[in-house]
Amino acid sequence: AIDMLMKFGDVESAERVFRSIKAKGANIYGALMNGYNLNGESWKCFKIFEEMKEKDIIPDEIGWNILIGACSKSGMLHHCQYIVNQIPLHIQNKIRIQSALIDMWGKCGSIEKAKNVFDLVGDRDTITYTAMINAFALNGMGSQAVELYREMPNNLRDHVSQICVLNACSHAGLLHEARTIFNEIS
């Protein structure tokens, strides 16, 4: 019910349903936090996370991903670092979390931290590469985005990674590189 109400933008009703549930698990908290992200109220996720901590409820991988998403939207480095410091290592080593962290650090302007996470990823996939290409693009590092795109195995390239690298070229004024990549795609 929380998820459905949030998708319809009825945050107040979703919060009422949430408060009415006696035994809340990580999935119930996650549904509420995800709804806040969907409805532009990501800052509320941090309050919910503190409530979870008080009740000794540890987010699952999905919950951590939602919290990382809230950090990405907030752009507040201290929130980002605080949340990252809370994530258990066995969760931090999961590729979806690592990709989300790359995206988060890139959106918050901490390209060095994004690159550090990227360098730790052992078996990179399309999402991981694309997150790092986009992080470079968002931070005015078009040449680095193109260089990483060139290093990316061809079988991992998709329309999203192509759009990200072309966007990086556009913002950095790399017309020749953009034209070359566009011609390769066509």
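The values are calculated or read from the model by the stated rules, or taken from the named source; none is laboratory data. Predicted model, so just to flag it, every value in this text is computed and none were measured. Cβ coordinates were reconstructed from backbone atoms using ideal geometry, including for glycine residues, and neighbour counts include every protein chain displayed.
For Cys164, only one of the following conditions fails: (1) surrounded by 13 or more Cβ atoms within 10 Å (Cβ to Cβ); (2) over 24 Å from Gly75 (Cβ atoms). What is its number?
Against the list (1) surrounded by 13 or more Cβ atoms within 10 Å (Cβ to Cβ); (2) over 24 Å from Gly75 (Cβ atoms), Cys164 comes up short only on (2).
Could you grab the pairs with beta carbons closer than 7 Å, sequence gap of 6+ or different chains, first residue in segment 3-18 and in the same structural domain as Asn37 (by TED's automatic domain parsing), second one part of a loop (DSSP other than H, G, I, E, B)?
Note: pairs meeting the criteria are Met6/Asn39; Gly9/Asn39; Val11/Asn39; Val11/Glu41; Val17/Ala1.
State whether the residues of segment 138-158 include one that is of a type in the set (A, V, I, L, M), surrounded by 19 or more Cβ atoms within 10 Å (Cβ to Cβ) and within 14 Å of the chain's Cα centre (by Cα).
Yes, there is a match, as at least one residue in segment 138-158 is of a type in the set (A, V, I, L, M), surrounded by 19 or more Cβ atoms within 10 Å (Cβ to Cβ) and within 14 Å of the chain's Cα centre (by Cα).
Quick test for you: out of Ile48, Ile66, Ile28, pick the one residue that is closer than 29 Å to Leu120 by Cα and modelled with pLDDT of 95 or more.
Ile66
Asn183: farther than 21 Å from Gly75 by Cα, in a helix (DSSP H, G or I) and out of contact with any Leu (no Cβ under 7 Å at 6 or more places or on another chain), yes or no?
The answer is yes for Asn183.
Run Lys22 past the list (1) surrounded by fewer than 16 Cβ atoms within 10 Å (Cβ to Cβ); (2) part of a helix (DSSP H, G or I); (3) of a type outside the set (Asp, Glu) and report the number of the one that doesn't hold.
Checking Lys22 against (1) surrounded by fewer than 16 Cβ atoms within 10 Å (Cβ to Cβ); (2) part of a helix (DSSP H, G or I); (3) of a type outside the set (Asp, Glu), the one that fails is (2).
Hey, which of the helices (runs of 4 or more DSSP H) in segment 106-176, taking only ones fully inside, have at least 1 residues that are touching a residue at least 24 places away in the same chain (Cβ under 8 Å) and farther than 20 Å from Arg96 by Cα? Please lay out each step first, then the result.
Working: elements: 111-120, 126-138, 142-151, 159-172.
Here the list reads 126-138, 142-151, 159-172.
With the condition kept exactly as written, say whether any residue in segment 85-96 is surrounded by 15 or more Cβ atoms within 10 Å (Cβ to Cβ) and in contact with a Ser or Thr (Cβ under 9 Å, 6 or more places away or on another chain).
So far as segment 85-96 goes, no, none of its residues is surrounded by 15 or more Cβ atoms within 10 Å (Cβ to Cβ) and in contact with a Ser or Thr (Cβ under 9 Å, 6 or more places away or on another chain).
Just wondering, is there one or more residues in segment 85-103 that are outside any helix (DSSP H, G or I) and small (Gly, Ala, Ser)?
There is no residue in segment 85-103 that is outside any helix (DSSP H, G or I) and small (Gly, Ala, Ser).
May I ask you to verify whether Ser72 is surrounded by fewer than 21 Cβ atoms within 10 Å (Cβ to Cβ), assigned to a helix (DSSP H, G or I) and either under 13 Å from the mean Cα position of the chain (by Cα) or among the aliphatic types (A, V, I, L, M) (or both)?
yes
Of all residues in segment 25-45, which are of a type in the set (Phe, Trp, Tyr) and either assigned to a loop (DSSP other than H, G, I, E, B) or in contact with a Ser or Thr (Cβ under 8 Å, 6 or more places away or on another chain) (or both)?
Matches in segment 25-45: Tyr36, Trp43.
Can you tell me which residues in segment 99-124 are crowded, with 22+ Cβ neighbours inside 10 Å and of a type in the set (S, T, N, Q)?
The answer is Ser99, and nothing else.
Could you check, for segment 136-156, whether at least one of its residues is farther than 28 Å from Leu38 by Cβ and β-branched (Val, Ile, Thr)? Break it down into steps so the answer makes sense when it comes.
Our first condition is that a residue be farther than 28 Å from Leu38 by Cβ; within segment 136-156, this holds for 140-156.
This time we only want the ones that are β-branched (Val, Ile, Thr), so: 146.
Within segment 136-156 (the criterion being farther than 28 Å from Leu38 by Cβ and β-branched (Val, Ile, Thr)), the answer is yes, since at least one residue qualifies.
Based on what the data block shows, is Glu41 free of Cβ contacts under 8 Å to residues at least 24 places away in the same chain, of a type outside the set (Val, Ile, Thr) and out of contact with any Lys or Arg (no Cβ under 8 Å at 6 or more places or on another chain)?
Spelling it out, it is not the case that Glu41 is free of Cβ contacts under 8 Å to residues at least 24 places away in the same chain, of a type outside the set (Val, Ile, Thr) and out of contact with any Lys or Arg (no Cβ under 8 Å at 6 or more places or on another chain).
Are any residues in segment 25-45 surrounded by fewer than 21 Cβ atoms within 10 Å (Cβ to Cβ) and within 14 Å of Glu61 (Cα to Cα), and if so, which ones?
Gly25, Ala26, Asn27, Ile28
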